[in-house]
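Okay, structure first, notes after.
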Amino acid sequence: MTRTRDVEAQRQRLSAATWAVLAQDGLTGLTVRAVAERAGCTTGLVMHTFPDKLSLLRHARDLLHERTAERIEQAEAAAADPRDRLRAVLSQAVAASDDKRQEAGVWVAYAAAAVANADLADLHRKHNRSFLARINRLLAEAYPDLAEDVRADAATALVALVEGINTLAALDPATYHPAEQRRAVENALDRLTAPGSVSSGG
């Protein structure tokens, strides 16, 4: 049992170090040596868990998905009705705090690496499509009169809005500040109920 706890504690320490290096120094700064220095351990210890930069990147992306999914689950569970659930999830997803801007920086660094790596791109698509499916479901619950194709388009637009504004906020938090991010989400949701925006199927 002690051995299991030690291994888990070591993995968490390396996870935190990987995250910090990627958020602060970006893709070019992410090396086994940099993670070891941040974690206060040897490169051999890092490589025992993450043998190369690719495995570090995969772990960072999985960790990002786990963190955001946990927060989103909590936000959805706490909301009172379907429209509040949609609003809560989208509001939770934007980078409206220092921690979330750090996460957005990790996302940007990972996406840059994924452009040239099919395995990383596949992992990114898997997690992104999971979020897209959630938004599609929440839209169906919140706006049951939306035609399926309209709902799918709306889900894609909302996810693109959130991911896009997160990327911009990571690089320019003064312009894309928390209030601006929340306003962008609210305006997008308002357009769903604007005259002529809702189409029923059939």
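Criterion applied to Asn187, Asn128 was being without any contact (Cβ under 8 Å) to a residue 40 or more places away in the chain, polar (S, T, N, Q) and closer than 20 Å to Arg58 by Cα, and the one residue passing it is Asn128.
Of the listed requirements (1) open to solvent by less than 50 Å² (accessible area, probe 1.4 Å); (2) more than 26 Å from Arg58 (Cβ to Cβ); (3) over 15 Å from the mean Cα position of the chain (by Cα), Asp172 misses just one: (1).
If you go through the range 135-181 and keep only what is acidic (Asp, Glu), in contact (Cβ under 8 Å) with a residue 24 or more places away in the chain and within 19 Å of Thr193 (Cβ to Cβ), you end up with Glu141, Asp145, Glu148.
Of all the criteria given as (1) in contact with a helix residue (DSSP H, G or I) (Cβ under 9 Å, 6 or more places away or on another chain); (2) assigned to a loop (DSSP other than H, G, I, E, B); (3) open to solvent by 40 Å² or more (accessible area, probe 1.4 Å); (4) not aromatic (Phe, Trp, Tyr), the one not satisfied by Ala96 is (3).
Quick one: is Arg87 closer than 20 Å to Gly164 by Cβ, open to solvent by 60 Å² or more (accessible area, probe 1.4 Å) and either part of a helix (DSSP H, G or I) or touching a Ser or Thr at 6+ places or on another chain (Cβ under 6 Å) (or both)?
Working: closer than 20 Å to Gly164 by Cβ: yes; open to solvent by 60 Å² or more (accessible area, probe 1.4 Å): yes; either part of a helix (DSSP H, G or I) or touching a Ser or Thr at 6+ places or on another chain (Cβ under 6 Å) (or both): yes.
So Arg87 passes the test.
Within the range 131-150, the set of residues being more than 13 Å from Leu86 (Cα to Cα), assigned to a helix (DSSP H, G or I) and either open to solvent by less than 50 Å² (accessible area, probe 1.4 Å) or among the small types (Gly, Ala, Ser) (or both) comprises just one member, Val150.
Please verify whether the range 108-130 includes one or more residues that are in contact with a Pro (Cβ under 6 Å, 6 or more places away or on another chain) and either open to solvent by 50 Å² or more (accessible area, probe 1.4 Å) or in a helix (DSSP H, G or I) (or both). Give the steps one after another, and end with the answer.
Step one: filter the range 108-130 for residues in contact with a Pro (Cβ under 6 Å, 6 or more places away or on another chain), giving none.
Scanning the range 108-130, I find no residue that is in contact with a Pro (Cβ under 6 Å, 6 or more places away or on another chain) and either open to solvent by 50 Å² or more (accessible area, probe 1.4 Å) or in a helix (DSSP H, G or I) (or both), so the answer is no.
The values are calculated or read from the model by the stated rules, or taken from the named source; none is laboratory data. These numbers come from a predicted model, not from an experiment. Ideal geometry is used to build each Cβ from the backbone, glycine not excepted, and the neighbour counts take in all protein chains shown. When the accessible area is computed, the model is the full protein with side chains, heavy atoms only, and any ligands, DNA or RNA have been set aside. Shrake-Rupley method; radii C 1.70, N 1.55, O 1.52, S 1.80 Å.
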